[in-house]
1. Tell me whether the stretch 14-31 contains one or more residues that are touching a Pro at 6+ places or on another chain (Cβ under 8 Å) and either of a type outside the set (A, V, I, L, M) or at pLDDT 95 or above (or both).
2. If I go through the stretch 42-77 residue by residue, how many of them are farther than 11 Å from Met32 by Cα and assigned to a strand (DSSP E or B)?
3. Does Phe166 meet the test of being aromatic (Phe, Trp, Tyr), modelled with pLDDT of 95 or more and closer than 23 Å to Pro9 by Cβ?
4. Looking only at residues that are assigned to a loop (DSSP other than H, G, I, E, B) and β-branched (Val, Ile, Thr) in the stretch 8-29, which one is surrounded by the fewest Cβ atoms within 10 Å (Cβ to Cβ)?
5. Which residue pairs have Cβ atoms under 6 Å apart, sit 6 or more places apart or on different chains, and have a first residue in the stretch 1-24 that is farther than 18 Å from Val72 by Cα and a second that is in a helix (DSSP H, G or I) and not aromatic (Phe, Trp, Tyr)?
6. State yes or no: is Asp139 modelled with pLDDT of 95 or more, exposed (fewer than 14 other Cβ atoms within 10 Å of the Cβ) and in contact with a Lys or Arg (Cβ under 7 Å, 6 or more places away or on another chain)?
Amino acid sequence: MKIVPYPHPSLRTKAEPITMIDQELHVLAGQMLELMYKHEGLGLASPQVAVGRRMIVMNFAGDANEKDKEHVAINPVILETKGAVEDREGCLSFPGLYAKVRRFQKVRVQAYNLRGELYEMTCTDLAARIWQHEIDHLDAALFIDKLGLLARRTTKKAIEEFQRDFQKALDKGEYPPGTAPKL
């Protein structure tokens, strides 16, 4: 399992709802958490590992030793939003790229855990940003879609470089045939 880089097509494919929690899903969640920690992330959505299912993993502290901060969210939804704040954001599918993104400051979310229990959580600031960013991935939206005009201009060359690097990887056969992105 690896994190797919932009413009891999799974990043632009809406994830399907999960209808059954089985051993395979537990294994996937564990692998995603390991990968997230390996790449020093705070969250990871299943489309980022080329799995089209509605699941995200997060650790608001970003520390594998703080298991109490870990969250697995199956079929998450945002129920309520408040306020707005602009802050620097990055994405594991865009390594090294950071830009200011406007997000809601507070969110109330709902999801299922790996035991199939429905839970709600209200978060602010960084935790709210993580929820929004990861849920966007499930809906085939990327943080670059939310950039303002200036940020779009300043990230244009980096995004074009991601596209060139992905094409080179395709040409080398690092991804299966038919993985060409829809740009």
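The values are calculated or read from the model by the stated rules, or taken from the named source; none is laboratory data. Since the structure is predicted, the reported quantities are computational estimates derived from the model, not experimental observations. Ideal geometry is used to build each Cβ from the backbone, glycine not excepted, and the neighbour counts take in all protein chains shown.
1. Yes, there is a match, as at least one residue in the stretch 14-31 is touching a Pro at 6+ places or on another chain (Cβ under 8 Å) and either of a type outside the set (A, V, I, L, M) or at pLDDT 95 or above (or both).
2. 9
3. Taking the combined requirement at face value, the residue does not satisfy it.
4. Thr19
5. Val4/Ser10; Pro7/Gln163; Ser10/Pro47; Leu11/Pro47
6. For Asp139, the condition - modelled with pLDDT of 95 or more, exposed (fewer than 14 other Cβ atoms within 10 Å of the Cβ) and in contact with a Lys or Arg (Cβ under 7 Å, 6 or more places away or on another chain) - is met.
Matching residues to (1) under 12 Å from the mean Cα position of the chain (by Cα); (2) among the aromatic types (Phe, Trp, Tyr):
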| position | (1), (2) |
| --- | --- |
| Met36 | yes, no |
| Gly43 | yes, no |
| Ala61 | no, no |
| Asp68 | no, no |
| Phe94 | yes, yes |
